[in-house]
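Asker: Dumping the structure here so I can ask a few things about it.
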Amino acid sequence: MSIDQVELGKRLKQAREACGLTQEDSAIEMGMVRATVAQIELGNRSVSGIELSKFAHLYARDIREFLAPSFSISGLTAVLFLSEEDAGDGVKAALRDCIALGHQLRDLEDLLGITRSTGNVASYPSVALGSKWDAIQSGTQAALEERRRLGLGSAPLSDMPVLLETQGIRTGLISMPAGVSGLMISDPSVGLFVAVNREHPPVRQRFSWCHEYAHLLLDRAQLGHVSRESERADLLEVRANVFAAALLMPEDGVRQFAATLGKGSASRLHADVFDGAGVVPVDSRTAGGSQDLQIYDVVKLAHHFGVSLLSALYRLLNLKLVTDKQFQEMKQMDTDGVGRAIAELLGLVEISADENVTAFHRRYLVLALEAYRREKISHRKLVEIGGKLGVEVREIESILTKLGLDQEPAAVLLPAR
């Protein structure tokens, strides 16, 4: 079934309404007057390929949806955009960018014949959360099960995006408003996809990867979920935060690390030694304060598990390895910059934001280069993708020359975004 101008206009209207946008909203974003959008939706004006590409991005759709034999007005876009109806423009722009990136990654993989198997991703049964304690227990248990299932033991996690990618989950770094840490998408048009806020510090991004992973494992039926600081008291957010903390800092691993520092034991120890005939009581007492974790211990622990000092402090508090008084004192020290000074003194360097961005760009750009090599995308498309990643045209040209790929392929099969 071929799509005529009238049918295309009807679909564009349905997609706009599914996003909660008015004709005036669309006109502003498209650089048109409202009357032009109205005429397009009525089928009285044709739409160029470039305009259709812009409409697709604005409405967070795959461009091929508008040209397919059938068109659905429900699904991912409706769920996410209508749930964010009162959100600011920044959130909706981030949603568009995330969905567009998901489509782009899927398109490149399709062109290269790469099939993502998500059979390794666990799917946990839905659990009704009646209280925050329910959320804490559910998140803790799921993290324990994931560590067991993935054979992680009590060791620190390595590269979280790599862990997710090896399970068939697409990952991305997207600029989002400060109050949004990330989002999860589970939809056939995008696949399993998680993105975190590119503007946040690396240790926070690491926590966010685990947080969004929790939503993917436990809240997949939602199709999509946006994580906001303003909703941190929501039960699903509490569960995801508990999951992330337990996945990053397993209790056994934290206690073992504290033990290597000679810390974390009770100040008074007692044991009854049974020899088959009787019992010999054994009592021991450590020197006062010798088992108390200090700020420099927490700095080392935070670095070991790849988390922020504040995240480590909260985990220690919840595991009762520090008292509330000790927690407050060290939290203030962190605020005063003591933790950073100690980390610098000990030579504990954090992963830089540039390293995280570079790793993401490398995965994305390698797909694009391979698609170009196989003549699946044009030079123009390769440059466009490079531009989105902040790679200048001269850099693209230089690497193509070095690879012997500086001849323009004929094919242009990847839809514009």
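The values are calculated or read from the model by the stated rules, or taken from the named source; none is laboratory data. None of these values were measured; they are calculated from a predicted model. Don't worry about glycine lacking a Cβ; one is built from the backbone with ideal geometry, like all the others, and counts go over all protein chains shown.
Asker: Residues of the stretch 226-267 being within 17 Å of Asp134 (Cα to Cα) and either touching a residue at least 60 places away in the same chain (Cβ under 8 Å) or among the aliphatic types (A, V, I, L, M) (or both), which ones?
Answerer: Across the stretch 226-267, the qualifying residues are Ala233, Leu235, Leu236, Val238, Arg239, Ala240, Asn241, Val242, Phe243, Ala244, Ala245, Ala246.
Asker: Could I ask something else about it? Exactly one condition in (1) at pLDDT below 85; (2) out of contact with any helix residue (DSSP H, G or I) (no Cβ under 8 Å at 6 or more places or on another chain); (3) among the hydrophobic types (A, V, I, L, M, F, W, C) is false for Leu216; which is it?
Answerer: Checking Leu216 against (1) at pLDDT below 85; (2) out of contact with any helix residue (DSSP H, G or I) (no Cβ under 8 Å at 6 or more places or on another chain); (3) among the hydrophobic types (A, V, I, L, M, F, W, C), the one that fails is (1).
Asker: Across the stretch 1-18, which residue is surrounded by the fewest Cβ atoms within 10 Å (Cβ to Cβ) among those that are over 38 Å from the mean Cα position of the chain (by Cα) and of a type in the set (A, V, I, L, M, F, W, C)?
Answerer: Met1
Asker: A further question on this structure: In this structure, is Leu313 closer than 17 Å to Val203 by Cβ and either outside the structural domain of His211 (by TED's automatic domain parsing) or touching a residue at least 60 places away in the same chain (Cβ under 8 Å) (or both)? Show your work before the answer.
Answerer: Values: closer than 17 Å to Val203 by Cβ: yes; either outside the structural domain of His211 (by TED's automatic domain parsing) or touching a residue at least 60 places away in the same chain (Cβ under 8 Å) (or both): yes.
It is true that Leu313 is closer than 17 Å to Val203 by Cβ and either outside the structural domain of His211 (by TED's automatic domain parsing) or touching a residue at least 60 places away in the same chain (Cβ under 8 Å) (or both).
Asker: Would you pick out the residues in the stretch 117-168 that are assigned to a loop (DSSP other than H, G, I, E, B), modelled with pLDDT of 90 or more and among the hydrophobic types (A, V, I, L, M, F, W, C)? I'd like the intermediate steps shown before the answer.
Answerer: Here is the first cut: in the stretch 117-168, the ones assigned to a loop (DSSP other than H, G, I, E, B) are 117-131, 150-159, 166-168.
Now narrow it down to the ones that are modelled with pLDDT of 90 or more: 129-131, 150-157.
Within the stretch 117-168, Leu129, Leu150, Leu152, Ala155, Leu157 meet the criteria.
Asker: Do we have Gly182 as outside the structural domain of Tyr364 (by TED's automatic domain parsing) and either within 12 Å of the chain's Cα centre (by Cα) or crowded, with 18+ Cβ neighbours inside 10 Å (or both) here? Spell out the reasoning first.
Answerer: Numbers: outside the structural domain of Tyr364 (by TED's automatic domain parsing): yes; either within 12 Å of the chain's Cα centre (by Cα) or crowded, with 18+ Cβ neighbours inside 10 Å (or both): yes.
So Gly182 passes the test.
Asker: Residues in the stretch 317-342 that are outside any loop (DSSP other than H, G, I, E, B), aliphatic (A, V, I, L, M) and surrounded by 14 or more Cβ atoms within 10 Å (Cβ to Cβ): how many? Even if it seems obvious, please write down each step before you answer.
Answerer: Within the stretch 317-342, the subset outside any loop (DSSP other than H, G, I, E, B) is 317-318, 324-335, 338-342.
This time we only want the ones that are aliphatic (A, V, I, L, M), so: 317, 330, 333, 338, 341-342.
Within this subset, residues satisfying the condition of being surrounded by 14 or more Cβ atoms within 10 Å (Cβ to Cβ) are 317, 330, 333, 338, 342.
Count: 5.
Asker: Now for a different question. Across the stretch 296-316, which residue is nearest to Leu346 (Cα to Cα) among those that are of a type in the set (Gly, Ala, Ser) and part of a helix (DSSP H, G or I)?
Answerer: So the residue we want is Ala302.
Asker: Out of (1) of a type in the set (Lys, Arg); (2) modelled with pLDDT under 90; (3) surrounded by fewer than 17 Cβ atoms within 10 Å (Cβ to Cβ), the odd one out for Arg45 is which?
Answerer: It is condition (2) that Arg45 fails.
Asker: Shifting gears a bit: Please work out which residue is nearest to Gly191 (Cα to Cα), limiting yourself to the stretch 22-64 and to residues that are among the polar types (S, T, N, Q), free of Cβ contacts under 8 Å to residues at least 24 places away in the same chain and assigned to a helix (DSSP H, G or I).
Answerer: Residue satisfying both the conditions and the ranking: Gln23.
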